[in-house]
């Protein structure tokens, strides 16, 4: 009996939703508000930020922060397109949506590895 791949995509959807709900707002608040307004003072200079991003755990955090929400988007967008009437090309819609998420994940991995 052939199994379905649907649980795999649902697990990435759930993990991406959790990351988008819990980690993304904190990251936006820290880098987009606290640092941008100068509330961090000298504790978040370019050299310190570069040292922080150079650490392997920080790279893993950034990879998770980027890649899992991409799969959440892909799953949500796929079913939105299906609900809008793109039922004739379910495999094509799935391939484009998940392919974009995989491409974004690979690009994020390459950037984080080369950085």
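The values are calculated or read from the model by the stated rules, or taken from the named source; none is laboratory data. If you're wondering where the values come from, they're calculated on a predicted model, not measured in any experiment. Virtual Cβ from ideal backbone geometry, glycine too; neighbours counted across all protein chains shown.
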| Could you count how many residues in region 7-28 are at pLDDT below 90 and surrounded by fewer than 13 Cβ atoms within 10 Å (Cβ to Cβ)? | 3
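Residue-wise test of (1) within 20 Å of the chain's Cα centre (by Cα); (2) within 11 Å of residue 13 (Cβ to Cβ).
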{"residue": "55", "(1), (2)": "yes, no"}
{"residue": "60", "(1), (2)": "yes, no"}
{"residue": "63", "(1), (2)": "yes, no"}
{"residue": "72", "(1), (2)": "yes, yes"}
{"residue": "75", "(1), (2)": "yes, yes"}
{"residue": "79", "(1), (2)": "yes, yes"}
{"residue": "83", "(1), (2)": "no, no"}
{"residue": "89", "(1), (2)": "no, no"}
| query | Only one of these conditions is not met by residue 4: (1) assigned to a helix (DSSP H, G or I); (2) exposed (fewer than 10 other Cβ atoms within 10 Å of the Cβ). Which number is it? | reply | (1)
| request: Look at residue 52 and say whether it is within 20 Å of residue 111 (Cβ to Cβ) and in contact with a helix residue (DSSP H, G or I) (Cβ under 7 Å, 6 or more places away or on another chain). | output: yes
| Some residue of region 44-67 being surrounded by fewer than 13 Cβ atoms within 10 Å (Cβ to Cβ) and in contact (Cβ under 8 Å) with a residue 24 or more places away in the chain | yes
| note | All-but-one check, residue 31 against (1) over 20 Å from residue 111 (Cβ atoms); (2) surrounded by fewer than 14 Cβ atoms within 10 Å (Cβ to Cβ), failing number (1)
